[in-house]
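Here the structure is laid out as structure tokens; the discussion comes afterwards.
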Amino acid sequence: MAPVEHPAATDPILRLARPELLRNPYPAYAALRENTPVFWHELLGSWVLTRHADCLAVLTDSTRFASDWRRAGEDIPAPLLSVQTLDPPEHTAIRHLLLDGFRAQDRHALHEDLDRQVKQLLAELAERPSFDFVGELAEPLALRFVTAFLGVPAPDLDWFVPMSRTVVDGMDAGLWPEKHEPAVAARAELAAYAGGWLADPPADGLIAYVAAHADTSGVDPAVLRNSLRAVLHAGYESASRLLGNAAAALLTTPGALAALRAAGPGPGIGTAVDELVRFDAPVQADARVCVADTELGGVPVKAGDPVTLLLGAANHDPLRFAHPTELRLDRAPNPHLGFGRGAHACLGASMAIRLAGSVLTTLATDHPGARAVAEPHHRRNLTLRGLDRFEVTLRPVTGEEVTS
């Protein structure tokens, strides 16, 4: 009798969690995109999309495709109702409140302080033989930056990081159902923590603005607490994972760090960060539910059908990007979907880009000898892609190392 293969070996989605595909899922995405660009996945109970055009169509059409699964008759736990999961008109009030709060902040002062912190931290780390780029730079910097913008003290990393990772693990609960309940509990705990900010708001920052305008915003208090939790969590995860993924791409692609240094600071860093997002985005997948019979890529999709968007595959679609497997730091235009599109486009995208730009510019200009000491190690997450550990050194190559 022939041996029975484990589903993880053959299932097109489950196999993405294998170590070699966690390191580089893009060839597997390409095979799906070329052979079955729209297909039904039994375990997820969802249509899966891999092409840029199809994913963009879903992201920008909240009439046919809902983020709020209650529109398809689903019972959604209260801790999950936030700016991320509501649709217009409920979504409009909370998004406008948060956007107005974002615009009211003194970004110049925040960015000046960020640049100072980045320069100082990298200078300290340069004194060491090597360090973990993720745990000792990306994660603490991202948390400090996001909470400074919010106007609140940063929580203890030892409490926050495991909580945040539990929430991220829960995003893959369609594949591993045991991750769902812990993630709901973690979201509720983070929402309670964020709710404390409103009870005793700071004098400055986004929280101060939201607290001052909450009563007249028309936003349900529970949704507001959940949304502040989402800003904290999504801002931290997007920024820290972008930093890790970008550093891995720059330090494992020959000549990439030198090219970034040659480009110099200025508008070009934004273009480079956009390409690093496209090349290896933190957000690899998103989901919607169809609420009106339609079709995608010539395939009929019925109301009530879930739709999973493989944004990582869409960002490497050769029908939209020339030479998509190449890291081209001057790529423009660059219509990647790494921060979403439409009503649910990432609120904190500009913050993540600014943080990454500050770190990568300082890395390239002040520490041109930066290099990987070991292969980056990825976390077993498919929705949010990121590193668990990445050992690097900022010390220049010595003569002994060159000749050895």
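The values are calculated or read from the model by the stated rules, or taken from the named source; none is laboratory data. All values derive from a computational prediction rather than experimental measurement. For neighbour counting, all protein chains shown are included, and Cβ atoms are generated from backbone atoms with ideal geometry for every residue, glycine included. Keep in mind that these areas ignore ligands, DNA and RNA; they rest on the heavy atoms of the full protein, side chains included. Shrake-Rupley method; radii C 1.70, N 1.55, O 1.52, S 1.80 Å.
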Mind checking the per residue accessible area of the chain for me, 1.4 Å probe, whole number of Å²? 44
What is the set of long-range amide H partners of Leu296 at a cut-off below 5 Å, with H atoms built 1.01 Å from backbone N? Val301
Between the alpha carbon centres of region 161-226 and region 324-371 the gap in Å comes to 26
Extension gain Ala31-Ala173, at 0.36 nm per residue separation less the Cα-Cα distance, in nm? 48.7 nm
³J(HN,Hα) computed for each position of region 35-47 - Karplus, 6.51 cos²θ - 1.76 cosθ + 1.60, integer Hz, glycine/proline x: 9, 9, x, 10, 9, 8, 10, 5, 5, 6, x, 8, 6
So how far apart, in nm, are the two label points at Arg103 and His213 if each is 7 Å from Cα heading toward Cβ? 0.8
Phe279: accessible area at probe 1.4 Å, nearest 10 Å²? 40
Suppose each label sits 7 Å from its Cα in the direction of the beta carbon; what would the Arg18-Gln120 distance come out to in nanometres? 4.7
Under the Karplus relation with 6.51, -1.76 and 1.60 and θ = phi - 60°, whole-Hz ³J(HN,Hα) for region 53-67, x at Gly and Pro, equal 4, 5, 5, 4, 4, 6, 4, 9, 10, 7, 6, 8, 10, 9, 8
May I ask you to rank Tyr193, Tyr26 by accessible area, largest first, using a 1.4 Å probe over the protein chains only? Tyr193, Tyr26
Given H placed 1.01 Å from N in the peptide plane, which residues other than close sequence neighbours of Asp68 have an amide H under 5 Å from its amide H? Asp87
Considering amide H positions built from the backbone, and no H for Pro or chain starts, which residues 5 or more places from Arg389, or on another chain, come under 5 Å of its amide H? His377
Ignoring ligands, DNA and RNA, how do Thr252, Thr361, Thr325 rank by accessible area with a 1.4 Å probe, largest first? Thr325, Thr252, Thr361
Can you pull the percent of the chain's accessible area that's carbon plus sulfur, 1.4 Å probe, other chains left in place? 55
In whole angstrom, largest first, the equivalent ellipsoid semi-axes that the Cα gyration tensor gives for the chain are 32, 29, 19
Place a point 7 Å from the Cα of Thr253 in the direction of its beta carbon; the residues of region 358-387 whose amide N falls under 20 Å from it are 358-379, 385-387
Inter-probe distance in nm under a simple model that places probes 7 Å from Cα toward Cβ, at Arg128 and Asp388: 1.9
Ranking request for peptides 261-268, 304-311, 40-47: highest mean number of other beta-carbon atoms within 10 Å first, then the rest in descending order. 304-311, 40-47, 261-268
Just to be sure I understand: with springs between alpha-carbon atoms less than 10 Å apart, which residue in Leu337, Leu296, Leu329 has the highest mean-square fluctuation in the Gaussian network model of the chain? Leu296
Could you derive backbone 3J(HN,Hα) for region 231-240 from the dihedral phi with the Karplus parameters 6.51, -1.76 and 1.60 (θ = phi - 60°), listing whole Hz in sequence and x where the residue is Gly or Pro? 4, 4, 5, 5, x, 5, 5, 4, 6, 5
Can you give the helix-only mean residue ellipticity at 222 nm for the chain, where every DSSP H stretch with n ≥ 4 adds -39500 (n - 2.57) and the sum goes over all residues, rounded to the nearest 500 deg cm²/dmol? -15000 deg cm²/dmol
